[in-house]
Amino acid sequence: MNTLSLVIQREFLTRVRKRSFIIMTLLMPLLMTSLSFVPLWLSTLNDGGEKNIIVIDNTGIYAPMLESTDTYRFQTVGKAQESEYRSQIGKDVFAILQITDDLNVNPNAITLLSEKQSPQELRSIIENALSEKVMQQKLDVLSQSNNVNTEAITQVRSIVESGSRVSIKTMKWGEDGTVSESSTEVATIIGMVFTILIYMFILMYGNMVMQAVLEEKKSRIVEVMVSSVKPVKLLIGKIIGIGLVGITQLVIWGILLGVLFSVLTMFIAAPQPTPGMPAPAEMGEFDMASIMNSVMSINWFEIVLFFLVFFIGGYILYASIFAMFASAVDSEEDTSQFMMPVTIIIMFAFFAGFYSVSNPDGPLAFWASLIPFSSPIVMMVRIPFGIPMWEKLLAVALLYGTFILISILAAKIYRVGILMYGKKPSIKEMIKWVKYK
């Protein structure tokens with residue numbers, strides 16, 4: 001077995017055999033799901049106490065529209081009691097809502113006084129209730145006009161009460177002429193999930209390469225290793241071995257997700273009716289079967305294929321940069337001057353991908369998905385929406401061409417820097433290392 005294979009095997013096996021790798025690989029999906037949904041669930045919980053909202057309505061029109069909830073209790077009092085309740089704000093009284101004029105005439109004649117910043121939920125409850133009452137007032141004024149038919153006003157009231165919400169069903173046209181159901185929301189979620197994954201893995205495993213180089217250099221093990229292995233092969237083996245660890249973790253996650261999705265699909269495909277519960281077709285706008293159809297309409301083979309292609313290219317690109325800078329210094333503290341620009345570029349790529357979700361064909365998304373330093377992250381946002389094949393192939397060609405160039409430069413700097421101690425080189429000096437024969 002040649003030395004390169006030995007280095008790859010060492011880097012791979014020493015990491016996948018660790019208990020921490022096994023535990024994190026199995027628990028990370030659960031942890032990520034918890035981090036996503038537990039804060040959302042906790043945000044819906046109140047602090048366990050009912051908040052008293054004192055309502056002072058000078059008009060006497062709007063106070064009856066405010067109905068108490070499990071969190072907020074509205075209590076109507078007279079104007080004379082205002083000073084008495086003001087002194088209790090922050091104690092027995094959470095806030096005082098005061099309406100001083102007809103809101104149909106003066107929409108700004110309403111204030112909410114509280115010790116703390118008023119929650120958005122409370123503002124929404126008040127605004128929705130009072131806006132509905134103001135609409136009724138406007139319809140009443142219109143109905144009293146001699147120029148309007150009473151029957152027409154009744155129809156208008158019926159239209160307003162029933163609402164006029166329109167739901168668009170999106171379909172996707174295939175190159176072979178087939179039409180399938182699609183979902184912008186599903187494409188957005190898939191794009192963001194894969195973007196976060198590739199961003200997280202590039203950072204995590206790129207830093208792992210940097211830590212491995214620093215650890216070997218500080219412990220002087222590398223001096224023994226380069227006596228039997230060429231520095232370039234050592235660098236290549238380290239990058240490939242750690243990269244295989246990342247791919248292994250991704251494959252395990254993919255299998256777990258596939259099993260979970262299969263179980264969920266079977267459960268939805270054969271729903272069991274429960275006495276007293278509404279039928280699946282009557283469960284409102286949240287149509288799980290429709291969502292599953294939209295998920296199935298996604299070209300998963302293409303997404304997974306390009307995810308692996310862009311992950312490999314992006315990982316090798318940044319891992320080479322991380323290893324190059326790590327080999328030139330003696331400690332983690334010294335890497336900050338080199339790593340800050342790289343971190344800023346990665347952060348820019350992530351935010352560019354985040355903001356490209358709303359416009360996947362816009363200038364930001366297009367150019368950021370072609371620039372090699374940001375394309376691995378941004379392109380994964382665009383692919384679920386469907387983009388021309390030439391853009392994907394061009395992005396791959398630019399990315400792989402760049403990482404080959406960066407890898408060559410990194411190898412030349414690595415072979416010199418890995419044996420340098422006691423001196424923190426400048427960028428100018430590192431450029432000189434590239435020219436060494």
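Taking amide H atoms as placed 1.01 Å from N in the peptide plane, the amide H of residue 55 lies under 5 Å from those of 75, 76, 77, 97, each 5 or more residues away in sequence or on another chain. Put in line by how crowded their Cβ is, counting other Cβ atoms within 10 Å and starting with the fewest, 70, 102 read 70, 102.
What list do you get for 378, 7 if you sort them by fewest beta carbons within 10 Å? Don't jump to the answer; show the numbers that get you there.
Working: 378 31, 7 21.
Least to most surrounded, the residues fall as 7, 378.
Cross-link reach is defined here as a Cα-Cα straight distance under 28 Å, omitting same-chain residues fewer than 8 places apart; for residue 428 the lysines meeting it are 217, 218, 230, 233, 238, 412, 437.
Scalar couplings 3J(HN,Hα) for the range 60-66, obtained by applying the Karplus form with A = 6.51, B = -1.76, C = 1.60 to θ = phi - 60°, are x, 9, 9, 4, x, 6, 8 Hz; x denotes Gly and Pro.
When ranked by the protection proxy of mean other Cβ atoms within 10 Å per residue, highest first, what sequence do the peptides 54-62, 104-112, 235-243 form? Mind showing how you got there, number by number?
On the way: 54-62: 17.6, 104-112: 12.4, 235-243: 22.6.
Descending mean neighbour count gives 235-243, 54-62, 104-112.
Considering only C-alpha atoms, what is the centroid distance from the range 304-359 to the range 77-92, in Å? The distance from the Cα centre of the range 304-359 to that of the range 77-92 comes to 57 Å. Across the range 51-161, Cα pairs under 8 Å and at least six residues apart give a relative contact order of 24 percent.
Between residue 123 and residue 260, full extension at 0.36 nm per residue minus the direct alpha carbon distance yields a gain of 45.3 nm.
Candidate cross-link partners of residue 116 among the lysines, defined by an alpha-carbon separation under 16 Å and a same-chain spacing of 8 or more, comprise 51, 91. From least to most packed, judged by other beta carbons within 10 angstrom and beginning with the fewest, 369, 124 follow the order 124, 369. Projecting label points 7 angstrom from Cα along Cα→Cβ for residue 108 and residue 364 puts them 3.3 nm apart.
Judged by the mean number of other Cβ atoms found within 10 Å, the most tightly packed of the peptides 391-401, 320-330 leads the ranking 320-330, 391-401. Counting only the Cα atoms, the range 51-161 fills a convex hull of 106 Å³ per residue. Between residue 348 and residue 2, 0.36 nm times their residue separation minus their Cα-Cα distance comes to what? Stretched out fully, the residue 348 to residue 2 stretch lengthens by 120.5 nm.
Every number in this text was worked out from the coordinates using simple rules, so none of it is lab data. Please read all numbers here as calculations on a predicted model, not as lab measurements. Neighbour counts run over all protein chains shown; Cβ positions are idealised from the backbone, glycine included.
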